[in-house]
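Report on one structure; see the data block that follows.
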Amino acid sequence: MIPSWETLNAYVDGELPTVEAATVARALAEDRVLAGRAASLTRLKAAVQESVEAIEIALPRPSRPSWRPLALAASVVLAFVIGVLVAQVPWQGPVQPPWLADARAVHTAWITSDQAETAVDGGLMLATMHKAGPGAYLPDLSPSKLRLSRLEPVRLPGRERPALHVGYRGTRGCQVSLLIVPAAAGDTPFPRDLTLHDAGPSHGYVWRTRSHGYLLIATGMDEARLDLIARTVQRASLEHSPFGQETRTALRESRERSVPCRG
Amino acid sequence: MLGRGKEPAGASRHRRIEAYLGRLYGYACSLSEDREAAQDLVQDCALKALSATRVPYDEAAYRAWLFRILRNTFLDRRKRNGEVFIGFDETEPTNLNGEIWHCDDRLVSVLTVRIGITKLSASHRDVLALIDMVGFSYAEAAVFLGVPVGTVMSRVSRARQALLMAIQENNVQPLPQSSKQVAK
C-alpha cells in the first residue's frame, strides 16, 4: 500500500495511530522513493521551525503590583505623615491652571470615542492651522511611529480664539494629543519652561512659545518615551525647525525600547 | 481551565511568557507578513496576557490561550484600521492538483523556506505556523481554528505541497536573455 500525501504528512507529524504508523513505516522501508519524500518532509518541517528569526522583544512591566499587607500599611502611614507635613507649610507646587482640565477633557473625549479618523491633507492642514493663528507649530511625529489622525479646532471655555487639537495615533494603542492654544491677554499663562502635570495614567506636558501655549497629553504611555517626545516637540516649537537625523533616530529607538500603551 | 491551580504572578508571569516569545513572534510574522507589525502584535499580546485577571494554569491551555490572544489582537487591528483581510478560510489555491511533490530536497533550507512562506496563502501560512512553529497537534489546531481534525490534516498537507512548489519555483528561474543575445 502506498500511503497518500496526507497520510505521509501526518506520519511525519507523528499524528497517526500506532497501527497506521507501523504500516507507513513498512511501506517506507520497501520504497526508496517514498522514503525520500518522507525525508524531504521531515527536512521541510525542521526548516519551517528554524525559519523564525531570533529577536529581542521588550515585555511590558507588570500592570498590577503584588500588594503585600505590610507594604500597604507602610504606605498608609507614609501618606499620613506626608499629609500632616504638607498641611503645615504653604503649598508652593505648580497651580493647576483652569485650561489644563479642559485640555484633558478634550484628550479623554478623543481617546474614548469611536470617531473616524480625520483625513488630513495639505489643504485641510493649512486651513486649520490658520485658525490657530500665526506661529503655531505642528510637529511630524512619524519618527516615533505616531501618525497624524486628528486635526480639529476646539473651543476651550473662556477663550475667544479656538485652540487646535492635534491627535497622533501609534501602532500599539498609543494616542497622543497636542493642544495648541493661542495666547490670550489676561489669561493664566502657560509656563515658559516644559512642565509636567501628572493625573493618574495621564501625563500632560505644558509650555509656551511667544504666540501659543502647548499641551502634550498621553494616557498610559511609556514615561521615558513621552518625556523625549515632549522635550523634542518643545524645542522644535521654539525653533520652528524639523527634527534632525539624530533626533529622529532617538525617537525611533525610544519607541523600540518602550512598551505599548495602556488605556 | 481558567484560573485553576496556583496561578503564577509577577516575575513568574513574565518568565512564563518569555518561553513563548520566539514562537509568538513567528506566528505574528506569519499573520502580519511584517516584522515590525509582528513585534507590536507580540507586545500587545504580552500586555494583555500580563494584565489578565485569570490565566490558565495548565501549560497546553495556557499556550492555546496566549496564541488566541495574539490572533484576536491581529484580527481586531485589521478591523479597527478598516483593512480588508481575505481571511483564513479562503478558497485553496487552484494550482495544487494533489500530485505528490518530487524535487531535489537539497533546495529545502531555512532561507528558501522563508522566501517560500511569503508566497503562501493566509490559510496555508496559518496552519503551517500553528503546526510547525507553535507546535500544536492536529487536535489542538482543530480546536484553535474551529474546524475538524480532518480539515487540519488536509490543510497541512496542501500547505506543505504549496510551500515545496514555491521553493521549487523560486529556485528554477530561467536566466533572462540580454538584448545582445536576442540580437544575435
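Values computed for the structure shown
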| item | result |
| --- | --- |
| Computed FRET value (nearest 0.05) for A:SER142 with B:LYS119, which takes r as the C-beta separation and R₀ as 35 Å | 0.70 |
| Estimated distance in nm for a label pair at A:VAL33 and A:ALA101, the labels positioned 7 Å out from Cα along Cα-to-Cβ | 8.4 nm |
| Overall form of the stretch A:136-188 per C-alpha gyration tensor (a/c, 1.5; a/b vs b/c) | prolate |
| Virtual spin-label span in nm between A:ARG26 and A:ALA54, 7 Å along Cα→Cβ | 4.5 nm |
| Three-way shape label, the stretch B:14-87, alpha-carbon gyration tensor, a/c 1.5 | prolate |
| Overall form of the stretch B:121-161 per C-alpha gyration tensor (a/c, 1.5; a/b vs b/c) | oblate |
| Förster radius 30 Å - calculated FRET efficiency between A:ASP227 and B:VAL110, Cβ distance, rounded to 0.05 | 0.15 |
| Radius 15 Å from Cβ of B:ILE115, net charge of other residues (Lys, Arg +1; Asp, Glu -1) | 0 |
| Local net charge near A:HIS165, Cβ-Cβ under 9 Å (Lys/Arg +1, Asp/Glu -1) | 0 |
| Cut-off under 5 Å, modelled amide H: who pairs with A:GLY213 long-range | A:VAL181, A:ALA183 |
| When each of B:LYS48/B:LYS119; A:LYS145/B:LYS79; A:LYS45/A:LYS145 is checked by Cα-Cα distance, pairs over 29 Å | B:LYS48/B:LYS119; A:LYS45/A:LYS145 |
| Hypothetical label at B:ALA60: residues of the stretch B:121-153 whose amide nitrogen lies under 14 Å (7 Å Cα-Cβ projection) | B:135-144 |
| Distance (nanometres) between label positions extended 7 Å along Cα→Cβ at A:SER241 and A:GLU160 | 3.5 nm |
| Total formal charge among the other residues, if their Cβ is under 10 angstrom from that of A:THR7, Lys/Arg +1 and Asp/Glu -1 | -3 |
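Rule-based calculations on the coordinates, nothing more; no lab input. Values in this document were obtained by computation on a predicted structure and should not be read as measured data. Reconstructed Cβ throughout: ideal geometry from the backbone, glycine too, with neighbour counts over all protein chains shown.
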